[in-house]
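Let me begin by presenting the structure, written as structure tokens, before commenting on it.
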Amino acid sequence: MKSLESKILNEGKVLSETVLKVDSFLNHQIDPKLMRQIGEEFAARFADAGVTKILTLESSGIAPSVMAGLTMNVPVVFARKRKSLTLINDLYSAEVHSFTKKETNEISISSEYINQNDVVLVIDDFLANGQAVLGLMDILKQAGASLAGVGIVIEKGFQDGGKMIREKGIQVESLAIIDSLAEGNVTFRKEGAL
Ligand code: G4P
Ligand code: NA
Ligand code: NA
């Protein structure tokens with residue numbers, strides 16, 4: 001997606017060979033117009049998937065997910081990382097280990113909001129090692145729901161998550177795929193080359 005790639009080139013900060021900071025439009029400040037375009041792009045790519053619900057993870061997955069949900073006219077559920085006072089009964093939970101942050105979070109959703117009739121599109125802001133997506137897939141399995149596919153705003157193609165999830169036969173649509181952050185430069189994968 002060209003407008004996203006331009007935004008990354010103009011405003012992204014390469015912190016290291018593996019980490020890209022995009023606080024000006026995605027992870028801290030949010031650019032609503034870009035998010036709307038992102039939502040429309042996800043909606044177009046999954047238009048024929050019969051999606052009934054979107055599932056994401058707090059916090060940075062929420063903005064692109066809400067915009068996709070608005071366009072697709074489906075509700076958005078976000079898994080919580082902290083135990084909520086009011087989120088007590090009938091939880092689906094999964095452990096998500098972050099290799100980047102070297103910590104494990106338990107993520108959960110109430111069983112009230114996803115069931116076996118749902119066809120769910122999973123959306124997240126970044127795809128690195130894919131552990132967050134695996135955790136969300138685990139939750140969908142517990143709910144008996146089906147997975148329509150995975151929509152990612154920025155995939156780091158030099159890490160293993162995308163390959164691992166695509167090898168399961170799952171449709172993964174990443175709106176920007178970064179092949180390298182070497183020498184402070186962002187290099188995108190050419191569209192159509194996976
Ligand atoms: P994984 O799920 O693909 O295995 O990812 P990983 O553990 O590496 O990511 C942990 C957190 O760091 C996630 O955010 C993820 O979105 C984010 N992340 C991973 N790589 C990058 C990167 O290069 N740049 C940025 N900006 N973020 C990255 P989170 O902890 O869930 O936080 P939140 O932003 O959703 O609140
Ligand atoms: Na995230
Ligand atoms: Na994030």
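Considering only residues in segment 123-146 that are of a type in the set (S, T, N, Q) and in a helix (DSSP H, G or I), the one that is farthest from ligand 3 (Cβ to nearest atom) turns out to be GLN142.
Yes/no per residue for (1) of a type in the set (A, V, I, L, M, F, W, C); (2) at pLDDT 95 or above; (3) within 10 Å of ligand 1 (Cβ to nearest atom):
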{"position": "LYS53", "(1), (2), (3)": "no, yes, no"}
{"position": "GLY61", "(1), (2), (3)": "no, yes, yes"}
{"position": "PHE78", "(1), (2), (3)": "yes, yes, yes"}
{"position": "LYS83", "(1), (2), (3)": "no, no, no"}
{"position": "LEU87", "(1), (2), (3)": "yes, no, no"}
{"position": "ALA94", "(1), (2), (3)": "yes, yes, no"}
{"position": "SER98", "(1), (2), (3)": "no, no, yes"}
{"position": "VAL119", "(1), (2), (3)": "yes, yes, no"}
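Close contacts from segment 54-65, counting a first residue that is more than 17 Å from ALA145 (Cα to Cα) and a second that is among the polar types (S, T, N, Q) and at pLDDT 95 or above, with Cβ to Cβ under 7 Å and a gap of 6+ residues or different chains, come to SER60/ASN27; ILE62/THR56; SER65/THR56.
Counting the residues of segment 148-170 that are part of a helix (DSSP H, G or I) and of a type outside the set (A, V, I, L, M) gives 4.
For the criterion of being closer than 20 Å to ALA79 by Cβ, surrounded by 22 or more Cβ atoms within 10 Å (Cβ to Cβ) and free of Cβ contacts under 8 Å to residues at least 40 places away in the same chain, VAL122 fails. Annotation note: of SER93, SER98, the sole residue that is of a type in the set (Ser, Thr, Tyr) and within 17 Å of the chain's Cα centre (by Cα) is SER98. Just to check your reading of the model, which residue among SER174, SER180 is surrounded by fewer than 18 Cβ atoms within 10 Å (Cβ to Cβ) and either free of Cβ contacts under 8 Å to residues at least 60 places away in the same chain or farther than 21 Å from ALA68 by Cα (or both)? None of the others qualify; the one that does is SER180.
The values are calculated or read from the model by the stated rules, or taken from the named source; none is laboratory data. Predicted model, so just to flag it, every value in this text is computed and none were measured. Note that we place each Cβ from the backbone using ideal geometry, even for glycine, and neighbour counts take in every protein chain shown.
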